[in-house]
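Reading through the structure tokens given below for one structure.
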Amino acid sequence: MTDPSKYKFNHSMLRVKDPKASVKFYEHLGMSLVNKFEFPDNKFDLYFLAYDSPKAASHGNHWTDREGIIELTHNYGTEDDETYKPHNGNKEPQGFGHVCVSVDNIQAACKRISDAGYRFQKRLEDGRMRSIAFALDPDDYWVEIIAQNPVDKTEDVKETDLATYRMNHTMIRIKDKDVSLKFYQDIMGMNLKRTSENTSANFNLYFLGYGAPAGGKSANGVNPTADREGLLELTWNYGTEEKEGQVYHDGNSEPQGFGHICVSVDDLTKACERFEEKGVQWKKRLTDGRMKNVAFVLDPDGYWIEVIQNEKYGKAPGEY
């Protein structure tokens, strides 16, 4: 048997040009390198970054027993290729939107990012929404910054504690909310934590994840899930469900950028049997190819979902 209540939204993968620059950026946000895989024969490396201080949600856990990891994929040589630039998903063709970090004192946190010389897509003071910002990582991926505490109470606070930060969520755009919500709840076993309807702007946001339901209280007056890690934000723009064919870019066809999200499970073999019974579309079955310890499911929009063994519950079928 496999128990979806034991599943975890483990990581989100981004392709990067220069791993030194990207790792430095995410370490500036307080993340630590919790694992690294090198594949010199295949000419790529994987860097796994997560919050790991004693105050972190998954402090000390095995990398497969975590939520809120960012996986950076570096293909050798891109750092020296002047023409190489990952696609951030927000220019055409759109698809992936952003990752999001929640912070204690948002004004101080944004100032610290700016003082380090990093750029912003949206600063706190820009536009009408004064409670969120979007920093840009070295590859122009958007990193949303949201508050764990009421924004009006932190205006004069000068310090920010990186140990309290959370890699809160990953956003992808979806064509049909009903189809995607059913897929992530019924097949992937996630729960709907929060819905944000923005009828005046013609879009809704749906936040899903594993674990306990969202609390009724909201520390920042808007988002009762700001203290969480491992959430998936589905952005639905009204009317896209009526369009023919695939609406959004999966990040793996050209131009490449975002690669996949990943769910770790209690029993990889049984979980894949369960997915098979539910009629999922596969990118890679567990038995395909040489890597017998990883599978890839396709969601309704063609985004890749990696499925791996949470080694808290036992070893994976093979070496990763």
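Residue by residue through region 88-131, note down the ones that are at pLDDT below 95 and within 20 Å of the chain's Cα centre (by Cα).
none
If a residue has to be of a type in the set (A, V, I, L, M, F, W, C), open to solvent by 20 Å² or more (accessible area, probe 1.4 Å) and over 21 Å from Thr83 (Cα atoms) to count, how many in region 24-49 make the cut?
Quick first cut of region 24-49, residues of a type in the set (A, V, I, L, M, F, W, C) only: 25, 29, 31, 33-34, 37, 39, 44, 46, 48-49.
Cutting the leftovers down to open to solvent by 20 Å² or more (accessible area, probe 1.4 Å) gives us 33-34, 37, 39, 44.
Now narrow it down to the ones that are over 21 Å from Thr83 (Cα atoms): 33-34, 37, 39.
Total satisfying the criteria: 4.
Out of all the residues in region 137-147, is one or more among the hydroxyl-bearing types (Ser, Thr, Tyr), open to solvent by 20 Å² or more (accessible area, probe 1.4 Å) and more than 30 Å from Thr2 (Cβ to Cβ)? First the steps, then the outcome.
Keep residues of region 137-147 that are among the hydroxyl-bearing types (Ser, Thr, Tyr), which gives 141.
Pick out the ones that are also open to solvent by 20 Å² or more (accessible area, probe 1.4 Å) and you get none.
Checked region 137-147: no residue is among the hydroxyl-bearing types (Ser, Thr, Tyr), open to solvent by 20 Å² or more (accessible area, probe 1.4 Å) and more than 30 Å from Thr2 (Cβ to Cβ).
Here's the yes/no breakdown for (1) out of contact with any His (no Cβ under 8 Å at 6 or more places or on another chain); (2) closer than 24 Å to Glu233 by Cα:
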{"position": "Gly77", "(1), (2)": "yes, no"}
{"position": "Tyr84", "(1), (2)": "yes, no"}
{"position": "His87", "(1), (2)": "no, yes"}
{"position": "Glu92", "(1), (2)": "yes, yes"}
{"position": "Cys100", "(1), (2)": "no, yes"}
{"position": "Val103", "(1), (2)": "yes, yes"}
{"position": "Ile113", "(1), (2)": "no, yes"}
{"position": "Gln121", "(1), (2)": "yes, yes"}
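Can you name every residue in region 251-264 that is out of contact with any Ser or Thr (no Cβ under 6 Å at 6 or more places or on another chain) and either β-branched (Val, Ile, Thr) or assigned to a loop (DSSP other than H, G, I, E, B) (or both)?
Across region 251-264, the qualifying residues are Gly251, Asn252, Ser253, Glu254, Pro255, Gln256, Val263.
Going through region 148-177 one residue at a time, which ones are acidic (Asp, Glu) and under 21 Å from His28 (Cα atoms)?
Here is the first cut: in region 148-177, the ones acidic (Asp, Glu) are 152, 155-156, 159, 161, 176.
Correct list: Glu159, Asp161.
If Asp52 satisfies every condition in (1) open to solvent by 10 Å² or more (accessible area, probe 1.4 Å); (2) in contact (Cβ under 8 Å) with a residue 24 or more places away in the chain but one, which is the exception?
For Asp52, the failing item is (2).
Based on this model, can you work out whether Gly30 counts as modelled with pLDDT of 95 or more and either on the phi > 0 side of the Ramachandran plot or part of a loop (DSSP other than H, G, I, E, B) (or both)? Working first, answer last.
Working: modelled with pLDDT of 95 or more: yes; either on the phi > 0 side of the Ramachandran plot or part of a loop (DSSP other than H, G, I, E, B) (or both): yes.
Criteria met by Gly30.
Can you pull out the residues in region 276-291 that are open to solvent by 90 Å² or more (accessible area, probe 1.4 Å), part of a loop (DSSP other than H, G, I, E, B) and without any contact (Cβ under 8 Å) to a residue 60 or more places away in the chain?
Passing the criteria: Arg285, Thr287, Arg290.
So which residues in region 146-160 are more than 15 Å from the chain's Cα centre (by Cα) and touching a residue at least 60 places away in the same chain (Cβ under 8 Å)?
Pass one, region 146-160, residues more than 15 Å from the chain's Cα centre (by Cα): 147-160.
Ala147, Gln148, Asn149, Pro150, Val151, listed by residue number.
List every residue pair whose Cβ atoms sit under 7 Å apart, with the two residues 6 or more apart in sequence or on different chains, where the first one lies in region 165-186 and is at pLDDT 95 or above and the second, anywhere, is part of a strand (DSSP E or B) and small (Gly, Ala, Ser).
Tyr165/Ser102; Arg166/Ser102; Met167/Ala50; Asn168/Ser102; Thr170/Ser12; Met171/Gly97; Ile172/Gly97; Arg173/Gly97
Give the residue that is least open to solvent (accessible area, probe 1.4 Å), with candidates limited to residues of region 57-111 that are over 18 Å from Glu144 (Cβ atoms) and of a type in the set (Lys, Arg).
Arg66
Restricting attention to region 1-23, report how many residues are among the hydroxyl-bearing types (Ser, Thr, Tyr) and surrounded by fewer than 20 Cβ atoms within 10 Å (Cβ to Cβ). Walk me through it before giving the result.
Taking region 1-23 as the starting set, the residues that turn out to be among the hydroxyl-bearing types (Ser, Thr, Tyr) are 2, 5, 7, 12, 22.
When the remaining residues are screened for being surrounded by fewer than 20 Cβ atoms within 10 Å (Cβ to Cβ), the result is 2, 5.
The qualifying residues number 2.
The values are calculated or read from the model by the stated rules, or taken from the named source; none is laboratory data. Computed from a predicted model, the values in this text were never measured in an experiment. So basically every Cβ, Gly included, is an ideal-geometry build from the backbone, and we count neighbours across all protein chains shown. Heavy atoms of the whole protein, side chains included, go into the accessibility calculation; ligands, DNA and RNA do not. Shrake-Rupley method; radii C 1.70, N 1.55, O 1.52, S 1.80 Å.
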